[in-house]
Amino acid sequence: MWTFVSPRLIVYGDDALTFLEGEKANRALIVTDESILKLGFIEMVKNSLKAEKIEIFSDVEPEPSLDTALKCTKIARDLQPQLIVAVGGGSVIDVAKATRILMEVDIDPIAITPFTDLFELGYTKKAKLIAIPTTSGTGADVTWTSVLTDKVEHRKLTPANREVVPDVTILDYRLVASMPKRLVAGSGFDALTHAIEGIISIWRNEFSDALCEKAIEVIMNNLERSYNGDAEARAKMHIAATMAGLGFGNSQVGLVHSLGHTFGAIFKQHHGLCVALFLPYVMQFYLKSDAKARMDTLAKKLELENSEMLIDKIFELMKKVELPTKLSEVISRKDFESNLETLVMNTLNDSSLGMSPRIPDYEHTRRIYECAFEGRKIDF
Ligand SMILES: [Fe+2]
């Protein structure tokens, strides 16, 4: 049996925030971060809400900690909001997702799995959760996991459950119109990676395939224009990122994310940049697996001859949006070599690895890193 998880509503357009005017909550909690607060988006959201009492939690940091989610939960427990509105990137949305559950259920987030019956534990879904992404990449607005870091025990917590997914996602193009170029490139490549990994994951299915395929087409045709400031392309990218989120959220990512998570955790680089750095190399690694046929089909849909041409096209796109195409453009050889063993071991222990169509062993993983560092083609 398969299930497909998604929000109840996706509202999109130039004025999508006006949807909030119809929300009938007396108490609302807005979850955001300091940079979004400065951009004035919270005022726009507040002006649309009719709630009598609105509180703002703006302490979300990149790669949010469990502690941050618990602080937000404390505010939610005191306020008892009927509405939680997350305005920001993936980190903000992840904190809001966890808060909505934790405000009602006293549970270690690590114990929230796809099989946990939260209603049996006292969850009554008191608050509706609305996600308003301000970047176009993470897909956190439609996925059913939340990623938190337990900084005391140095562990990543990923509560995953269909109750975690927001009820409504609002894609208002105004919120991404002034996104910095670097973020357009990084988040755009995160979305592209989600869609490509989602379409070759061993958990791929009919629904995820349809969404990932369309997202790839839109991203390949619009990322460069969006990067160069084209408003229409920027809006298309905003939709494509959520489309990719719906796709990979229902089929999962794989080796590219395992490498990207590991590299990002050690060298503190933006997630989108980290996955972009590995995407074409992993696709080369997959040329010797069943995934080649799927990549060939995808290439043909994009009017390219085969997988190899698709990989070349991805390298080309990286250059057009001024992303580095090898690790040596980002870190020194000394830093690379002194961390290589940890990089390899952490990649092999990453939870996304299992859904990859070809799982590398120790030696393969080491060689993938070396090729990605030097910009050498993977032919093994
Ligand atoms: Fe990602």
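What follows draws every value from the coordinates through simple rules; no lab data is involved. These figures come from a predicted structure and were not determined experimentally. As a convention, Cβ positions derive from the backbone with ideal geometry for all residues, glycine included, and neighbour counts pool all protein chains shown.
If R0 is 30 Å, the Cβ-Cβ spacing of THR342 and GLN82 corresponds to a FRET efficiency of close to 0.05.
Using helices alone, I'd like the mean residue ellipticity at 222 nm for the chain: each DSSP H run of four-plus residues gives -39500 (n - 2.57), total over residue count, nearest 500.
That calculation yields -16000 deg cm²/dmol at 222 nm.
Could you give the length gained on full extension between SER351 and ARG367, defined as 0.36 nm per residue of separation minus the Cα-Cα distance, in nm?
In short, 3.7 nm is gained.
If you plug the beta carbon distance of ARG225 and GLU305 into 1/(1 + (r/R0)^6) with R0 = 25 Å, you get a FRET efficiency near 0.55.
On full extension, the segment bounded by GLU232 and LYS50 gains 62.5 nm, given 0.36 nm per residue less the C-alpha separation. This ranking places ASP108, ASP209 by how few other beta-carbon atoms lie within 10 Å of each, fewest first, which gives ASP108, ASP209. Of all aspartates and glutamates in the structure, those lying under 19 Å Cα to Cα from LYS181, and not within fewer than 8 positions of it along the same chain, are ASP172, ASP190, GLU224, ASP230, GLU232, GLU316, GLU322, GLU329. Peptide packing: for 61-70, 26-35, 313-322, 256-265, the average count of neighbouring Cβ atoms within 10 Å per residue gives the ranking 256-265, 26-35, 61-70, 313-322, highest mean first. When THR73, THR365 are sorted by how many other C-beta atoms sit within 10 angstrom of their C-beta, beginning with the fewest, the order is THR73, THR365.
Based only on other Cβ atoms within 10 Å, what is the fewest-to-most ordering of ARG358, ARG100?
ARG358, ARG100
For the chain, what is the relative contact order in percent, using Cα pairs closer than 8 Å and at least 6 residues apart in sequence? Computed value for the chain: 15 percent relative contact order. In this simple spin-label model, placing a label point 7 Å from the Cα along the Cα-to-Cβ direction at both ALA177 and LYS24 gives a separation of 3.3 nm.
Applied to region 12-29, the Karplus parametrisation 6.51 cos²θ - 1.76 cosθ + 1.60 on θ = phi - 60° returns per-residue 3J(HN,Hα) values of 9, x, 5, 10, 4, 4, 4, 3, 4, 4, x, 7, 9, 9, 7, 10, 10, 10 Hz, with x for Gly and Pro. The mean sequence separation of alpha-carbon pairs under 8 Å and at least six residues apart, normalised by the residue count of region 9-175, gives a relative contact order of 29 percent. Charges were assigned to the Cβ only: +1 to each Lys and Arg, -1 to each Asp and Glu. The resulting dipole of the chain about its Cα centre is roughly 260 debye.
Give me the extension gain from LYS268 to ASP117: residue separation times 0.36 nm, minus the current Cα-Cα distance, reported in nm with one decimal.
50.8 nm
A Cβ-based charge dipole, computed about the Cα centre of region 9-175 with Lys and Arg at +1 and Asp and Glu at -1, lands at about 260 debye. Kindly identify the chain as rounded, prolate or oblate by the Cα gyration tensor criterion: order the square roots of the eigenvalues as a ≥ b ≥ c, call it rounded if a/c is under 1.5, otherwise compare a/b with b/c, prolate if a/b is larger, else oblate. Verdict is prolate for the chain. When the square roots of the Cα gyration tensor eigenvalues are ordered a ≥ b ≥ c, the ratio a/c for region 11-64 is 1.5 or more and a/b does not exceed b/c, which makes its shape oblate.
For region 181-374, just say rounded, prolate or oblate: build the C-alpha gyration tensor, square-root its eigenvalues into a ≥ b ≥ c, call rounded for a/c under 1.5, and beyond that prolate if a/b exceeds b/c, oblate if not. Taking the square roots of the gyration eigenvalues as a ≥ b ≥ c, region 181-374 is oblate. Among MET237, CYS72, MET309, pick out the residue whose Cα is farthest towards the positive end of the charge dipole of the chain, where Lys and Arg carry +1 and Asp and Glu carry -1 on C-beta, about the Cα centre. About the Cα centre, the residue reaching furthest to the positive side is MET237.
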